[in-house]
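Q: Pasting a structure below so you can have a look.
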Amino acid sequence: MRETETALRPPTAEDHEKHEAVQEAQQAHEAYCAVERQLAILLRRSQAFSAGMGRKVHPELDPGAYGLLVRIDQSSPMRSSDLAAYLRVGRGTISRQLKVLEELGLISRSPDPEDGRAHLLALTEEGHRRLHDARSARQGQLRTLLAAWPEEDVRLLAGMLERFNTLTEGMHP
């Protein structure tokens with residue numbers, strides 16, 4: 001059948017199914033594009049937000065230090081190699097960052113009783129105090145941002161973010 005004949009005949013059920021399949025594929029593509037776009041915005045803003053939180057902990061901290069302190073607080077005592085693996089950075093990178101935190105009096109290192117060559121990381125009292133203050137400020141900002149949302153929506157957002165983060169645990173760039 002020529003193109004002009006196809007255009008003149010009434011649409012068939014098969015034509016309708018093909019059209020719906022194309023529309024569904026396009027809508028799925030648009031949904032993934034929207035997720036990618038919104039994640040990019042979230043990540044950029046989150047990095048800036050974390051940098052600000054790091055400065056609240058200590059004015060000399062670099063932008064990634066806040067996340068290091070949070071993880072050490074959650075998992076201490078922990079080895080620097082475990083922290084590097086969790087964050088997917090090299091041991092040299094983590095060593096440089098930890099050195100700054102230690103020099104600022106925010107973390108301490110103690111010998112690992114299971115391996116004399118390794119050290120365990122923990123927050124100092126000063127590190128705990130400063131992290132607590134910064135976290136309280138961060139949570140206050142989140143409460144302000146989400147104040148108009150019903151609590152159910154806040155819980156839904158938290159659950160969806162947790163679900164997404166669980167998916168990304170094993171990913172490598």
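Q: Gaussian network model of the chain, Cα springs within a sub-10 Å range: biggest mean-square fluctuation belongs to which of Pro77, Pro150, Pro63?
A: For the chain, modelled as a Gaussian network with Cα springs under 10 Å, the answer is Pro150.
Q: May I ask for log10 I(q)/I(0) of the stretch 1-114 at q = 0.14, 0.16, 0.17 Å⁻¹, from a Debye sum over the Cα atoms as equal point scatterers with solvent left out?
A: Computed log10 I(q)/I(0) values: -0.73, -0.86, -0.92.
Q: Give me the percent relative contact order of the stretch 20-71, please, defined on Cα pairs under 8 angstrom at least 6 residues apart.
A: Result for the stretch 20-71 is 23 percent.
Q: Grab the eigenvalues of the alpha-carbon gyration tensor for the stretch 56-170, scale each by 5, take roots, and send me the semi-axes largest first in whole angstrom.
A: The three semi-axes for the stretch 56-170 are 29, 18, 12 Å.
Q: Calculate for the chain the 222 nm mean residue ellipticity that helices alone would give, adding -39,500 (n - 2.57) per DSSP H run of length 4 or more and normalising by residue count, nearest 500 deg cm²/dmol.
A: Estimated from H runs of four or more residues: -24000 deg cm²/dmol.
Q: Hey, another quick one. Per-residue accessible area for Asp82 at 1.4 Å probe radius, Å² rounded to 10?
A: We get 80 Å² for Asp82.
Q: How tilted is helix 125-146 with respect to the longest principal axis of the chain? Cα atoms for both, answer in degrees (0 to 90, nearest 10).
A: That works out to roughly 30 degrees.
Q: I need to check one value: relative contact order of the chain, counting alpha carbon pairs closer than 8 Å and at least 6 residues apart, in percent.
A: With pairs under 8 Å counted, the relative contact order is 16 percent.
Q: How much length, in nm to one decimal, is gained on full extension between Asp15 and Ala34, taken as 0.36 nm per residue of separation minus their Cα-Cα distance?
A: Extending this stretch completely gives an extra 4.0 nm.
Q: List residues of the stretch 40-67, by number, whose backbone nitrogen lies under 15 Å from a label position 7 Å along Cα→C-beta of Leu161.
A: Answer for this model: 40-51, 53, 67.
Q: Compute the label zone of Thr93 within the stretch 140-173: residues whose backbone N is under 15 Å from the point 7 Å along Cα-to-Cβ.
A: Hits in the stretch 140-173 for Thr93 at 15 Å: 171-173.
The values are calculated or read from the model by the stated rules, or taken from the named source; none is laboratory data. Being a predicted model, the structure only gives us computed values, none of them experimental. Ideal geometry is used to build each Cβ from the backbone, glycine not excepted, and the neighbour counts take in all protein chains shown. Calculation scope for accessible area: heavy atoms of the full protein, side chains included, ligands and nucleic acids excluded. Shrake-Rupley method; radii C 1.70, N 1.55, O 1.52, S 1.80 Å.
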